[in-house]
Every structure is written in C-alpha cells, then in structure tokens.
Amino acid sequence: MGKIILTGDRPTGKLHLGHYVGSLRRRVELQNLGDYDKMFVFMADVQALTDNADNPEKIRQNIIEVALDYLSAGLTPEKCVLYIQSQIPELAELTTYFMNLVSVSRVQRNPTVKTEIKMRNFEANIPMGFFAYPVSQAADIAAFKATTVPAGEDQEPMLEVTREIVRRFNQIYAPVLVEPNIMLPENATARRLPGTDGKEKMSKSLGNCIYLSDDADTVWKKVKTMYTDPAHLNVSDPGHVEGNAVFTYLDAFSTDEDFAEFWPEFKNLDELKAAYTAGGIGDMKCKKLLNSVLNKMLDPIRTRRHEYEQDIPEIYNILKKGSLAARETAAQTMDEVRSAMQINYF
Ligand code: ATP
Ligand code: MG
C-alpha cells in the first residue's frame with residue numbers, strides 16, 4: 001500500500017517558526033520530492049472551536065491567514081489537497097464511532113492534553129469537545145488512511161491514541177483502517193522549538209513567537225530582545241550555548257552556507273559555538289547572524305505571500321476544490337467503516 005501523508009494546523013493565528021520547523025518545512029520538502037500517493041493538508045477549524053466556541057470570527061479570519069502561510073511556504077494545490085476540516089462532515093461521524101473505542105482515563109493520561117488544559121486554566125470546566133479532541137484527531141487521520149504524519153513532538157501522544165483506536169477498530173470490526181506513523185523533524189531542536197523568551201515552546205498563546213508573516217523590522221525587534229545567556233555579561237566572558245535561545249535557533253535554521261555568506265570567520269555553527277563558549281563573542285553579533293539567517297529564509301515566503309494576498313477569492317476557490325476532493329476520499333472510507341460496523345442497512 002502507498003504512502004499517504006496528512007497534517008494540519010489549528011486556524012487560531014498565523015503560523016510561526018515553531019510550526020515551520022516542526023512540520024510545515026517538512027511538508028513542503030515531501031511535496032516537492034513527490035514520493036507519496038496523496039498528500040492532505042488541512043485547517044482544523046472544528047478543533048480550533050473546541051477552545052474558541054465563543055469566537056467564530058477569529059477562526060474564520062485565521063483560515064485565510066493559515067492558507068496564506070501554507071501557499072507562501074510553498075505548498076501548492078497541484079500537489080497536495082488543501083482543505084477545511086468542518087467541510088468534511090464524515091469526520092464528525094467517524095469521531096462518534098471512535099468515542100466508543102477509547103476510555104476517558106486513556107485520554108486523561110495524554111501529557112499534551114494535560115499541559116494544554118493547564119495552560120488554558122480550564123480547571124474543572126474543560127469543554128467536552130476540547131477534552132475529546134485527540135479522538136477527533138484520530139478520525140481526521142484515519143478517514144484518509146494516512147500512513148505518515150509529519151509533526152512536532154507534542155503530537156506524539158496524539159498519534160499513539162490514534163494507533164490504539166485504529167487497532168481496536170480493526171480488531172473488533174474488520175481491518176479497513178491504517179495505523180499511522182509520526183514523522184518527527186530530523187533536527188532534534190526543531191521537534192519543539194522554544195520561544196524567543198527561551199521558554200519551552202514557541203506558542204501563540206505564550207506570545208513568544210516569530211511569525212512567518214513578520215516583516216524584517218519586526219523580526220529584528222524580536223531577535224534583538226531574545227533570551228541568551230544571563231551570565232554572559234561582558235563580551236570577553238565565556239558564554240553558554242545550552243538553553244541559549246539564539247543558539248537553539250541557529251541550530252534549527254542555520255546552514256554552513258549561511259556562515260560563508262554572513263560570518264566567514266567561522267566555517268559552521270560548531271566553530272562559532274566553541275568560540276562563544278571560550279569567550280570573546282558578543283551576543284549582538286550572534287543575534288545579527290540569526291537575523292540574517294531568518295530573513296534569508298523568510299524573504300521568499302514574504303514575497304509569495306504578497307502575491308497571494310492580491311487574490312483572496314482565489315484562495316477560497318483552492319480551499320473549496322480541496323475540500324470537495326478530500327470529502328470524496330473520506331466518504332469512501334466511511335462506506336467501508338459502516339459496512340465493517342454492520343450499520344449499512346439499506
Ligand atoms: P500553539 O501551540 O502555538 O498555539 P497550535 O497549538 O495552534 O499552536 P498546532 O496546530 O497544534 O499548533 O500545531 C501544528 C503543527 O506544528 C504540529 O505538527 C505541531 O507539532 C507543530 N508545532 C507547533 N508549535 C511547535 C513548536 N514550538 N516546535 C515544533 N513544532 C511545533
Ligand atoms: Mg498545539
């Protein structure tokens with residue numbers, strides 16, 4: 001059986017560098033390699049509503065923002081199916097059946113959900129839909145028989161739940177669904193990119209993001225104030241690269257060519273790290289390097305974004321076509337699911 005790639009993002013804000021290195025960059029590479037049967041990329045608006053039920057306008061606006069981020073990062077409708085989750089009602093149906101195949105305590109044990117509940121201060125008032133979103137995510141993946149899910153580390157527990165549900169379904173009913181595998185970024189730093197404040201994860205809700213759509217001035221403002229090594233007071237002092245966000249970002253984004261272009265005194269990041277650790281390298285110079293590295297990467301994305309921004313109706317057109325195509329695939333799977341479950345009465 002062939003390779004089916006599937007991933008998505010919540011349309012709750014513009015995409016940031018964490019999304020990019022954690023998943024989006026990989027999707028574009030995979031798309032351009034073309035080594036797959038089908039590739040699905042979707043905006044999880046149903047999931048976004050689980051903790052934004054009172055703010056539909058925000059989700060609606062961010063559908064366009066995320067679509068612009070996708071297209072400007074290099075995803076193209078010729079090579080992948082771009083769609084909106086809510087336009088595929090089959091996913092809600094599959095979620096309902098999946099609810100019976102997983103226990104409340106199993107979902108409660110999910111460390112990502114635990115952290116997210118804490119972050120949102122839900123305490124005892126967790127919306128049922130939010131609590132159950134890992135089940136709905138299992139349906140999002142299984143409905144397309146996805147084999148491969150490029151995602152950041154936070155998605156590992158979700159994929160585990162998905163695999164368990166699919167395994168149970170196949171055991172109880174009939175082997176029609178496929179157990180997916182996560183595809184983590186090769187670069188360990190990219191699996192969970194910290195925020196510009198050095199905090200554990202770059203995240204919209206923590207306000208520590210550099211967005212793909214930030215202009216050069218904004219990027220420099222953010223890079224300039226980035227967390228480095230609080231013990232590195234004078235240029236001559238030895239510096240620490242561990243836990244130093246500037247170096248973490250250089251790990252995730254810089255290449256040897258960047259050094260040749262922007263700081264030829266060093267061949268690569270290892271050499272700069274050694275010099276910084278020994279002392280004598282100022283934080284500002286490292287920040288300027290990072291700024292150049294980021295802008296080199298973001299410039300072509302910005303240019304494409306400006307082009308796509310000129311024709312928003314065309315973006316809705318792309319999403320409509322993608323949603324129709326995705327729905328066809330999901331409907332096919334649901335025929336098999338209903339037969340397997342013996343609820344195909346007529
Ligand atoms: P945020 O956590 O910033 O609010 P989100 O929850 O809306 O963002 P998701 O839509 O859950 O983000 O994530 C989309 C993809 O991006 C997932 O594959 C996720 O693993 C990845 N991702 C998000 N943030 C990061 C990060 N800081 N580092 C690496 N990958 C990330
Ligand atoms: Mg998330």
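The values are calculated or read from the model by the stated rules, or taken from the named source; none is laboratory data. Please read all numbers here as calculations on a predicted model, not as lab measurements. A quick note on method: Cβ atoms are made from the backbone with ideal geometry, for glycine too, and the neighbour counts reach across all protein chains shown. Accessible surface areas use protein heavy atoms only, side chains included; no ligands, DNA or RNA. Shrake-Rupley method; radii C 1.70, N 1.55, O 1.52, S 1.80 Å.
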Note: among 53, 73, just one is away from ligand 2 (no atom under 16 Å from the Cβ), open to solvent by less than 30 Å² (accessible area, probe 1.4 Å) and small (Gly, Ala, Ser), namely 73
Evaluate the following for residue 120: is it under 30 Å from residue 175 (Cβ atoms), in contact (Cβ under 8 Å) with a residue 40 or more places away in the chain, surrounded by fewer than 20 Cβ atoms within 10 Å (Cβ to Cβ) and out of contact with any His (no Cβ under 7 Å at 6 or more places or on another chain)?
-> no
Which ones in the stretch 200-234 are away from ligand 2 (no atom under 16 Å from the Cβ), modelled with pLDDT of 90 or more and aliphatic (A, V, I, L, M)?
-> 210, 212, 216, 219, 223, 226
Determine, yes or no, whether residue 125 is more than 17 Å from residue 44 (Cα to Cα) and surrounded by 14 or more Cβ atoms within 10 Å (Cβ to Cβ).
-> no
What single numbered condition from (1) touching a strand residue (DSSP E or B) at 6+ places or on another chain (Cβ under 7 Å); (2) under 27 Å from residue 214 (Cα atoms) fails to hold for residue 36?
-> (2)
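To keep it simple, each residue is scored yes or no on (1) assigned to a loop (DSSP other than H, G, I, E, B); (2) of a type outside the set (Lys, Arg); (3) open to solvent by 30 Å² or more (accessible area, probe 1.4 Å).
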{"site": "163", "(1), (2), (3)": "no, no, yes"}
{"site": "167", "(1), (2), (3)": "no, no, yes"}
{"site": "179", "(1), (2), (3)": "yes, yes, yes"}
{"site": "182", "(1), (2), (3)": "no, yes, yes"}
Filter result for the condition that a residue is within 13 Å of ligand 1 (Cβ to nearest atom), over 24 Å from residue 329 (Cβ atoms) and either of a type in the set (Gly, Ala, Ser) or in a loop (DSSP other than H, G, I, E, B) (or both), over 51, 154 | 51
If we keep only residues of the stretch 98-112 that are away from ligand 2 (no atom under 13 Å from the Cβ) and either in contact with an Asp or Glu (Cβ under 9 Å, 6 or more places away or on another chain) or of a type in the set (D, E, K, R) (or both), then the residue most open to solvent (accessible area, probe 1.4 Å) is 109
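Yes/no matrix, rows are residues, columns are (1) exposed (fewer than 15 other Cβ atoms within 10 Å of the Cβ); (2) closer than 22 Å to residue 15 by Cβ:
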{"residue": "291", "(1), (2)": "no, yes"}
{"residue": "297", "(1), (2)": "no, yes"}
{"residue": "301", "(1), (2)": "no, yes"}
{"residue": "305", "(1), (2)": "no, yes"}
{"residue": "308", "(1), (2)": "no, yes"}
{"residue": "314", "(1), (2)": "yes, yes"}
{"residue": "319", "(1), (2)": "no, yes"}
{"residue": "324", "(1), (2)": "yes, no"}
{"residue": "327", "(1), (2)": "no, no"}
Would you check which residues across the stretch 135-154 are of a type in the set (A, V, I, L, M, F, W, C) and either over 19 Å from residue 39 (Cα atoms) or not assigned by TED's automatic domain parsing to the domain that holds residue 25 (or both) and list them?
-> 135
Check 127, 157, 180, 175 and return the single one that is within 15 Å of ligand 2 (Cβ to nearest atom) and either in the same structural domain as residue 28 (by TED's automatic domain parsing) or of a type in the set (A, V, I, L, M) (or both).
-> 157
Taking the condition surrounded by fewer than 17 Cβ atoms within 10 Å (Cβ to Cβ) and not basic (Lys, Arg), does residue 115 pass?
-> yes
Residue by residue through the stretch 192-205, note down the ones that are near ligand 1 (Cβ under 6 Å from one of its atoms) and open to solvent by 60 Å² or more (accessible area, probe 1.4 Å).
-> 192, 201, 205
Limited to the stretch 184-199, what total is found for residues that are assigned to a loop (DSSP other than H, G, I, E, B), more than 16 Å from ligand 2 (Cβ to nearest atom) and within 18 Å of the chain's Cα centre (by Cα)?
-> 3
Members of the stretch 14-36 found to be over 26 Å from residue 61 (Cβ atoms) and within 14 Å of the chain's Cα centre (by Cα), listed by number | 26
Cβ pairs under 9 Å, 6+ apart, first in the stretch 100-114 and within 16 Å of ligand 1 (Cβ to nearest atom), second of a type in the set (Phe, Trp, Tyr) and assigned to a loop (DSSP other than H, G, I, E, B) | none
If we scan the stretch 128-145, do we find a residue that is of a type outside the set (Gly, Ala, Ser), more than 16 Å from ligand 1 (Cβ to nearest atom) and surrounded by fewer than 20 Cβ atoms within 10 Å (Cβ to Cβ)?
-> yes
Filtered residues of the stretch 240-278 (kept if more than 21 Å from residue 191 (Cβ to Cβ), open to solvent by less than 30 Å² (accessible area, probe 1.4 Å) and touching a Gly at 6+ places or on another chain (Cβ under 7 Å)) | 276
